[in-house]
């Protein structure tokens, strides 16, 4: 069923200008992930291929409610950017082999699946927030900044819940709710970054541009937490 | 002068700078040898590691702790000030959650415990209260690739009932958690067992609940509003 993941890429890239086609691309990815999940008997969340595909689908899924708001009805460019971001990560997933083994016993718990799925929903919302911040810097429409704040706040909520479920999983699996690994250090950095970002809103409109830029920086920190740590650092806690 | 100091301590700017400092310290530390797995940081309580490790390994954690102390004070004072002014309860509950999580780390950093034991069937280990843990039986099921797809051990503490212990299902005894980490079935069944004590676990859970409650309240309040 890998062809479904491949098919979603041109649908995103050439059809995202239209909302129904964007939704169709998300649906195609969802069917792909569902088929993987049914085949494996678990959520496909292990290894670079599955996590990148899950991340791509999360971007599409989390972008949908924003793209259907009245404020973004005319924002074709933003829709395409969200589609291109989802397509980029779907494309990035393709060269990696799929891992079809059963979950190792220590990962075989709902807490683990909840932890990872919530983290990807959060990462996706931080990505959507970064695109909204970029759109604000280009067009200066205040409503884009308000939507960026909402994306970041919802993403922060998912991320906090992911950390809670990860802590509970860690306590039952490893004996501790916290391990000092590079992944967890960067998870803390990301959480602190968005804590700072959301507090910054209280500084008022003089910080609007800085706020938008920090939303973009936040997505860079997100990508480092997800991919950078696995690529550049030795951590047992990576994909 | 005291008023100026108080106003500084409750200022948003101070909180933002301290958060930035903690982030930078952790980021720098993540690239250092001190944070590398195998550096011993996860093998003992944090304070024991900090006191024993060379400063060349632990400098980033000292800096992070030095910045976290005033950040904690800033969060407490900001919340008191916000409650005095009758502001929304939601962010204060999130601050309370953060404070409980800081407390959890302090408790675990001071009184945590971790030790590994390799025990065969019939092997036992003693707890400080004099009770003994006996490993009665070790079993596992090999998957299609030859690795164990599941494994468990039946354990008994003192004269109590036997309990099945497996990954994600530890056995708890008077503040200690007994975890089955690994099993070898040949030449003789042997279990790798880890005994943990996490005195901060209750505070971490309380903090998570306060934070989540505040977070949900904040989301409800912000629904449909620009800020």
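Note on segment A:185-196: among residues that are buried (at least 22 other Cβ atoms within 10 Å of the Cβ) and more than 7 Å from chain B (Cβ to nearest Cβ), the one that is farthest from residue B:116 (Cα to Cα) is A:194. Scanning segment B:27-40 for residues that are within 25 Å of residue B:114 (Cβ to Cβ) and modelled with pLDDT of 85 or more returns B:29, B:30, B:32.
Among the residues making up segment B:159-168, a single one is without any contact (Cβ under 8 Å) to a residue 12 or more places away in the chain and facing chain A (nearest Cβ under 8 Å): B:168. In the condition set (1) out of contact with any strand residue (DSSP E or B) (no Cβ under 6 Å at 6 or more places or on another chain); (2) modelled with pLDDT of 90 or more, residue B:154 is compliant with all but (1).
Checked against (1) out of contact with any helix residue (DSSP H, G or I) (no Cβ under 7 Å at 6 or more places or on another chain); (2) farther than 23 Å from residue A:182 by Cα; (3) modelled with pLDDT of 95 or more, residue B:24 passes all but a single condition, namely (2). Just wondering, is there one or more residues in segment A:200-212 that are within 7 Å of chain B (Cβ to nearest Cβ), under 20 Å from residue B:200 (Cα atoms) and either at pLDDT 95 or above or not in a loop (DSSP other than H, G, I, E, B) (or both)? No, every residue in segment A:200-212 fails to be within 7 Å of chain B (Cβ to nearest Cβ), under 20 Å from residue B:200 (Cα atoms) and either at pLDDT 95 or above or not in a loop (DSSP other than H, G, I, E, B) (or both).
Residues of segment B:173-191 being more than 12 Å from every other protein chain (Cβ to nearest Cβ) and either within 14 Å of residue A:172 (Cα to Cα) or touching a strand residue (DSSP E or B) at 6+ places or on another chain (Cβ under 7 Å) (or both), which ones? Before you say what the answer is, go through the steps one by one.
Initial filter on segment B:173-191 (more than 12 Å from every other protein chain (Cβ to nearest Cβ)): B:173-175, B:184-191.
Answer for segment B:173-191, where residues must be more than 12 Å from every other protein chain (Cβ to nearest Cβ) and either within 14 Å of residue A:172 (Cα to Cα) or touching a strand residue (DSSP E or B) at 6+ places or on another chain (Cβ under 7 Å) (or both): B:173, B:175, B:184, B:185, B:188, B:189, B:190, B:191.
Here residue B:194 fulfils each of the conditions (1) surrounded by 16 or more Cβ atoms within 10 Å (Cβ to Cβ); (2) more than 12 Å from every other protein chain (Cβ to nearest Cβ); (3) touching a residue at least 40 places away in the same chain (Cβ under 8 Å); (4) under 29 Å from residue B:45 (Cβ atoms) apart from (2).
Regarding segment B:73-85, can at least one residue be identified that is within 30 Å of residue B:116 (Cβ to Cβ), modelled with pLDDT under 95 and either surrounded by 14 or more Cβ atoms within 10 Å (Cβ to Cβ) or assigned by TED's automatic domain parsing to the domain that holds residue B:216 (or both)? Full working, then the answer.
Taking segment B:73-85 first, the residues within 30 Å of residue B:116 (Cβ to Cβ) are none.
For segment B:73-85, residues within 30 Å of residue B:116 (Cβ to Cβ), modelled with pLDDT under 95 and either surrounded by 14 or more Cβ atoms within 10 Å (Cβ to Cβ) or assigned by TED's automatic domain parsing to the domain that holds residue B:216 (or both): absent.
Check whether at least one residue in segment A:146-160 is farther than 17 Å from residue B:222 by Cα and in a loop (DSSP other than H, G, I, E, B), and report yes or no. Checked segment A:146-160: no residue is farther than 17 Å from residue B:222 by Cα and in a loop (DSSP other than H, G, I, E, B). Here residue B:86 meets the list (1) closer than 30 Å to residue B:52 by Cβ; (2) in a loop (DSSP other than H, G, I, E, B) almost entirely, failing just condition (1).
The values are calculated or read from the model by the stated rules, or taken from the named source; none is laboratory data. Not measured: the values here are computed from a predicted model. Using ideal geometry, Cβ is built from the backbone for each residue, glycine included, and neighbour counts are taken over all protein chains shown.
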